[in-house]
Amino acid sequence: MINLHLYNKAKSIKHLKKILPLFVLFLTACQSDDNTPPPIEDSINGFWLLADKGWVFEFTDEKDVFYNVNTVGCSIQDDDFNFEDFYGFKIDLVNENELVATSELSDSEVTFTRLSDQNPYCLPGQISTTEDPKVNFDHFWNIFNDYYAFFETRNVDWSQYENLREQVTTDNFYEVLEELLPLFEDGHVSIIDKENDIQIRSGEQKRLEKLNANLSGDLIMEDVDDYHTLEDLKATTIITKYLGGNYEIDENRNILWGLINNNIGYINIINMEGYGTNFSDELTTLNEILDAMMNALKASGVSKLIIDIRFNSGGYDMVALNIVSRFMDQERILYFKKSRLGNDFTENKSFSVGPGGDFQFTEDIILLTSPYTISAAELFALCVKDLPYVTLVGENTSGAFSTILEHVLPNGAVLSLSNEVYSDAQGAVYEAVGIGPENQENRVPFLSSLDFQEEKDSGIERALELLQK
């Protein structure tokens, strides 16, 4: 049985507003008596800003601190921070004022700027650590106001909610947030307060509505547990009816492959993370698995393929891109990405992917998508949808592409939001609407009462119709 998960996980790096009036006191390295400048590797101590994410890192000889900043204040995300534990990032001091972080799990390097003056938000004594509901609401509202990228796209007039801070009390704080967060209908927006066992997820109800659209009676899902029950039934149908019980799956149960018949292969990409044991071996392990899968595909002699990402809850962009490379006929610019920065955006950077591995499958491919397909799984769809040998079948994806930006409120709760805009090679943005088939005949529900009654999969059935023409 395939072990599938519901919630997308975080990816990598995030965002900020006005280049805030943000200046932080930094520690200057002492010079020797002969005024010889210290070696550059000894000059990292101090405060460093990543403006479009609202992050400040303080490096000292004893320990490092990770701050979150917004227009009204500063909070501490981690007071004993280890940079290499942060998605495997490694840092390199380019010059005394520029620090670059890179990770094989990030599609681009991240540049930090040294801060040399005082920061009114992060001076000792001004860092917010309080349960005061009004202070926490101020941070909550301003974090969104500073960094969220899709107010207009998602039709949210955020300014009208700022005055709610006057109505917020200790007793109703999370009730107010529970009313506000669903406005975004964004699968990457949430707040989690572990200490008080609070989890509010913005996109959950909308996604369940989409998944319930073709279900009736006892099959209607009310929560995540109901979804897991139906996805297990769906996976069982695929494995038994279409693969005849013969398939291979990686050790961590993230990607499954087999043959539907002598001419058609099937790949189910279940997750875009969790292939390795840690950040450092994630892609190495992934590519070993992909080598085995592609070699098996080549040896089978199939000339047609179904790739299924309907169960995929996301993960790392670079996992998605490494898988994409196994289906590329040539290097192509596949997407652009930018982050919100004040009232504008950072540079809109292009990203290209070329063929990867010893063998690439570039014959007829059907890609199956669903409302459950989210985050890095949507990036996969964004990258392959326009390839001349790929056809989409299914439903629109979730429409939540951005890497998740996390900020910590003064009370310790973790707030997540979207602050990056992904677009395809032509500049089209699919945030909120998702990616799906253009041809109405290829629009097939992921979950339907009829499929469960007849123990079939209409998405695979439609894919087989197209591939056997």
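The values are calculated or read from the model by the stated rules, or taken from the named source; none is laboratory data. Just so it is clear, the structure is predicted and the values come from calculations on it, not from any experiment. Methodologically, a virtual Cβ is constructed for each residue, glycine included, from the backbone with ideal geometry; neighbour enumeration extends over all protein chains shown. Just so you know, the surface numbers come from the protein's heavy atoms only, side chains and all, with ligands and any DNA or RNA stripped out. Shrake-Rupley method; radii C 1.70, N 1.55, O 1.52, S 1.80 Å.
If each Cα of the chain is one equal point scatterer, what is log10 of I(q)/I(0) from the Debye formula at q = 0.09, 0.11, 0.13 Å⁻¹? For the chain at q = 0.09, 0.11, 0.13 Å⁻¹, log10 I(q)/I(0) is -0.64, -0.92, -1.20. Near the amide H of Gln77, within less than 5 Å, lie the amide hydrogens of Phe66, Tyr67, Asn68, all on another chain or at least 5 residues away, with H placed in the peptide plane. Per residue, the average separation of C-alpha pairs within less than 8 Å and at least 6 apart gives the chain a relative contact order of 18 percent. Mean silhouette area of region 269-308, derived from the convex hull of its C-alpha atoms and averaged over all directions, reads 3.1 nm². Computed from the alpha carbon atoms alone, the convex hull of region 230-348 holds 145 Å³ per residue. Between region 416-462 and region 129-167, what is the C-alpha centre distance in whole Å? So the two Cα centres are separated by 31 Å. Going through the cross-link list Lys206/Lys338; Lys304/Lys456; Lys90/Lys304; Lys134/Lys337; Lys206/Lys385, which pairs have a Cα-Cα distance over 29 Å in this structure? Violating the 29 Å limit, Cα to Cα: Lys90/Lys304; Lys134/Lys337. Spatially, region 41-106 and region 239-288 are offset by 36 Å when compared through their Cα centroids.
In this Cβ point-charge picture (+1 for Lys and Arg, -1 for Asp and Glu), the chain has a dipole of about 1480 debye about its Cα centre.
For region 198-277, just say rounded, prolate or oblate: build the C-alpha gyration tensor, square-root its eigenvalues into a ≥ b ≥ c, call rounded for a/c under 1.5, and beyond that prolate if a/b exceeds b/c, oblate if not. Oblate is the answer for region 198-277, as a/c is 1.5 or above yet b/c matches or exceeds a/b.
Shape of region 83-223 from its Cα gyration tensor (a ≥ b ≥ c, root eigenvalues): rounded if a/c is under 1.5, otherwise prolate when a/b > b/c, or oblate? It is oblate, given that a/c is not under 1.5 and a/b is not larger than b/c.
With contacts taken as Cα pairs under 8 Å at a separation of at least 6 residues, region 311-355 carries a relative contact order of 41 percent. The 3J(HN,Hα) values that the Karplus relation (6.51, -1.76, 1.60; θ = phi - 60°) gives for region 432-448 are, in residue order, 6, 8, x, 10, x, x, 7, 7, 4, 5, 9, 8, 10, x, 5, 10, 8 Hz. Gly and Pro appear as x.
Annotation: amide H of Leu334 within the under-5 Å range of Phe351, Ser352, Val353, sequence separation 5 or more or interchain, hydrogens built in the peptide plane.
For region 306-451, what relative contact order do you get, as a whole percent, if you take Cα pairs closer than 8 Å and at least 6 residues apart? Relative contact order here is 26 percent.
Give me the dipole magnitude in Debye, nearest 20, for region 279-396 about the Cα centre, with unit charges on the beta carbon: positive for Lys and Arg, negative for Asp and Glu.
260
In summary, the helical segments of the chain meeting the span-like criteria, namely a full DSSP H run, a Cα extent along the axis of 15 angstrom or more and a mean Kyte-Doolittle hydropathy of at least -0.5, are 282-300. Considering only Ile255, Thr240, Ser303, the residue lying farthest towards the positive end of the dipole of region 218-321 is Ser303, judged by Cα position with unit charges set on Cβ. Lys337 contributes about 20 Å² of solvent-accessible surface, heavy atoms of the protein only, 1.4 Å probe. Here Lys469 is the anchor, and the aspartates and glutamates within straight C-alpha reach of less than 15 Å, apart from those fewer than 8 places off in the same chain, are Glu363, Asp364, Glu441, Glu461. Taking amide H positions as modeled 1.01 Å from N, with prolines and chain starts lacking one, the residues under 5 Å from Leu341 and 5 or more places away or on another chain are Thr346.
Note on surface exposure: Phe336, Phe345, Phe89 rank Phe345, Phe336, Phe89 by accessible area, highest first, 1.4 Å probe. Annotation: the antiparallel percentage among DSSP beta bridges lying fully within the chain is about 75.
Rounded to whole numbers, the Karplus 3J(HN,Hα) couplings from phi for region 50-66 are 10, 4, 6, 10, x, 10, 10, 10, 10, 9, 9, 6, 8, 7, 10, 10, 10 Hz, using 6.51 cos²θ - 1.76 cosθ + 1.60 with θ = phi - 60°, and x at Gly and Pro.
Taking a ≥ b ≥ c as the square roots of the eigenvalues of the Cα gyration tensor, region 307-463 is oblate, since a/c reaches 1.5 or more and a/b is not larger than b/c.
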